[in-house]
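The values are calculated or read from the model by the stated rules, or taken from the named source; none is laboratory data. Just so it is clear, the structure is predicted and the values come from calculations on it, not from any experiment. Virtual Cβ from ideal backbone geometry, glycine too; neighbours counted across all protein chains shown. All accessible areas refer to the heavy atoms of the entire protein, side chains included, with ligands and DNA or RNA removed. Shrake-Rupley method; radii C 1.70, N 1.55, O 1.52, S 1.80 Å.
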Amino acid sequence: MSRSGSSSRRGRLACALAAGALATAGLTGTAAHAVPTGPRAAAPEVGIQYNPDGDAGQCGGRTGQQWATSPDWTQPIRFDTDGRPGGCQLAFGVYDPDNTFAGASISYAFYVNPGGDSGQCGAQGTYQMPIRPFQTFGPSVRVDTDNRSGYCNLTLAVSGRSDIGLDVQFYPDGDAGQCKNYLPAGQYRTAYAGNPVTVGIDADNRPGGCQFLLRLRRF
């Protein structure tokens, strides 16, 4: 056998092996060239800070700081201020580690109802709920409703984004007259761009109090 014939057969064998390798690569090409999936974005969290500054029995439910991962509900806080000393300090914040809510603005406003005794509603004003990559809260307002006339309106508002909602549960566990604009337990109103939600806190010496929960989500 000539060397040229042997070389020719070796060449044909090499070509066949190369073709097989290319066919195999074609079968697995999708996996080989798939774009790797990056880590999932960390979900934002909504936070409530709720502390008594007098008789702690007036500020029930989950006191201190709490954070609920979107779209979970916070644990309920409970307003039951009355003639006992002190009141309840209340503030809100949003933890957004991956800038998911870029461009959004969320605020909370706290004012006495027209004609009411303003001493029941401390630090009245409109404040931004900070949206930050670390856990922090906006300024505290103070709930100290009792048998004085009137009550405090708490308004939550969203702007800047049309795909974000802040759900609000607010319901009585006693005399329903203490919880203005309430819905039955388990039902909620949603604050979204152009649609704020207001609840009225009128806790006093009547039986029971008002339960309050939040949930932050994207539509």
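Surface composition of the range 43-195: carbon plus sulfur atoms contribute 46% of the solvent-accessible area (1.4 Å probe, protein chains only, all chains present).
Peptide packing for 132-144, 154-166 was compared via the average number of neighbouring C-beta atoms within 10 Å per residue; ordered from the highest value, the list is 154-166, 132-144. If you take every residue apart from residue 168 with its C-beta less than 11 Å away from the C-beta of residue 168, what net charge results, scoring Lys and Arg +1 and Asp and Glu -1? After counting each charged neighbour, the total is +1.
Here the simple spin-label model places points 7 Å from the Cα toward Cβ, and for residue 217 and residue 62 these points are separated by 1.6 nm.
3J(HN,Hα) couplings calculated from phi for the range 156-166 with the Karplus curve 6.51 cos²θ - 1.76 cosθ + 1.60 (θ = phi - 60°) are, in sequence order, 10, 9, 10, 8, x, 9, 9, 10, 10, x, 10 Hz; Gly and Pro show x. On the basis of the beta-carbon distance and an R0 of 22 Å, residue 183 and residue 206 show a calculated FRET efficiency of 0.70.
Segment residue 41..residue 73, full-extension length gain: 9.6 nm, with 0.36 nm per residue of separation and the alpha-carbon distance subtracted. Full extension of the chain segment joining residue 105 with residue 162 gains 19.4 nm, where the gain is 0.36 nm per residue of separation less the Cα-Cα distance. The local environment of residue 189, defined by Cβ-Cβ distances under 13 Å, has a net charge of +1 under the rule Lys, Arg +1 and Asp, Glu -1.
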